[in-house]
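In what follows, a single structure is set out as structure tokens and then discussed.
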Amino acid sequence: MSDNRATMDTAPYAITTDPLNLDALITAVTSGSPDATIGPGGITSFVGVVRNENAGRRVLRLEYEGYDPLALRAFERIGAETADRWDVRIALHHRLGTLQIGEASVMIAAASPHRADAFAACRYIIERVKQIVPIWKHEFFEGGDVWIEGATADPEDDVARQDAIRVAGLE
Amino acid sequence: MNGNRVTIRLFARLKDIVGTGELSREASSDATAGTVWRTLMNEFAELRDYETSISVAVNEEYARMDAPVADGDEVAFLPPVSGG
């Protein structure tokens, strides 16, 4: 991936207008650990990609806006929630700005000695991103544009958090 | 006039309604995030659509509408989020 302008930011949490790079997230969850020579056992990833259709509309592009400092704090919070429940190292990168159909908007990686933990953590993290991270999609479709509004963001809402745990499949 | 001012940050459709993502307003010494929001709603009636769905952050931390705000604070109002 070094032949394009994709980010090589190997921080666990990142918000960028550059194209995302899964290699950077894999590096983030595997490098520098005391058991690096042994390896984590398994790494799962999730890549969210801009779709060409939404609610019957033909989507042309998305423009993502975020409140960066609060979004990064929300990432850290999600990371702490995840580490409390599963034996994983995680990375979470989100892209902002104008994205074309097929481009990646979000990438998640989870490394664990146990594949069940890695899969569950990945699923939990994307659910929590959609619940509490202050990022918004401005959808441009054939015939107009609309701000997409999903969940009222409330990190203390335990019902939402329990929903995410349930979806992650362990309860 | 007591000279207390807060910076208000707005995002997504709220920014479109108000016409800017950042503005400054006076706040009384006993102001809360909620009083700042109500001041803004009085100015921009379309914001009333968000009365029950808004989230608020004070100085880049999620907060409640009853959180006090002081001179120089940044108060951000967040419509329902749609990342991912």
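Cβ-Cβ distance below 6 Å, separation of 6 or more or different chains: which pairs start in the stretch B:44-62 with a residue that is facing chain A (nearest Cβ under 8 Å) and over 19 Å from residue B:74 (Cα atoms) and end on one that is open to solvent by 50 Å² or more (accessible area, probe 1.4 Å) and not in a helix (DSSP H, G or I)?
Partner pairs satisfying both residue conditions: B:53/A:152.
If only one of A:156, A:81, A:127 is of a type in the set (D, E, K, R) and either more than 12 Å from chain B (Cβ to nearest Cβ) or assigned to a strand (DSSP E or B) (or both), which one is it?
Checking each option against the conditions leaves just A:81.
Looking at B:13, B:5, which one is touching a residue at least 60 places away in the same chain (Cβ under 8 Å), closer than 27 Å to residue A:97 by Cβ and open to solvent by 10 Å² or more (accessible area, probe 1.4 Å)?
B:13
Output the number of residues of the stretch A:137-153 satisfying the condition of being more than 8 Å from every other protein chain (Cβ to nearest Cβ) and either hydrophobic (A, V, I, L, M, F, W, C) or open to solvent by less than 60 Å² (accessible area, probe 1.4 Å) (or both).
Matching residues across the stretch A:137-153 total 5.
Go through the stretch A:44-56 residue by residue and tally those that are more than 14 Å from the chain's Cα centre (by Cα), in contact (Cβ under 8 Å) with a residue 24 or more places away in the chain and open to solvent by 70 Å² or more (accessible area, probe 1.4 Å).
2
Return yes when residue A:166 is crowded, with 18+ Cβ neighbours inside 10 Å and free of Cβ contacts under 8 Å to residues at least 12 places away in the same chain and no when it is not.
In short, no.
Within the stretch A:112-156, can you find the residues that are acidic (Asp, Glu), in contact with a strand residue (DSSP E or B) (Cβ under 9 Å, 6 or more places away or on another chain) and in contact (Cβ under 8 Å) with a residue 24 or more places away in the chain?
First pass over the stretch A:112-156, keeping only residues acidic (Asp, Glu): A:117, A:127, A:139, A:142, A:145, A:149, A:154, A:156.
Among the residues that remain, those that are also in contact with a strand residue (DSSP E or B) (Cβ under 9 Å, 6 or more places away or on another chain) are: A:117, A:139, A:142, A:145, A:149, A:154, A:156.
Result: A:117, A:139, A:142.
Which one of A:69, A:134 is within 13 Å of chain B (Cβ to nearest Cβ), surrounded by fewer than 18 Cβ atoms within 10 Å (Cβ to Cβ) and out of contact with any Lys or Arg (no Cβ under 9 Å at 6 or more places or on another chain)?
Criteria check complete, one pass: A:69.
The values are calculated or read from the model by the stated rules, or taken from the named source; none is laboratory data. Keep in mind it's a predicted model, so treat the numbers as computed, not measured. A quick note on method: Cβ atoms are made from the backbone with ideal geometry, for glycine too, and the neighbour counts reach across all protein chains shown. The accessibility values were calculated without ligands, DNA or RNA, using every heavy atom of the protein model including side chains. Shrake-Rupley method; radii C 1.70, N 1.55, O 1.52, S 1.80 Å.
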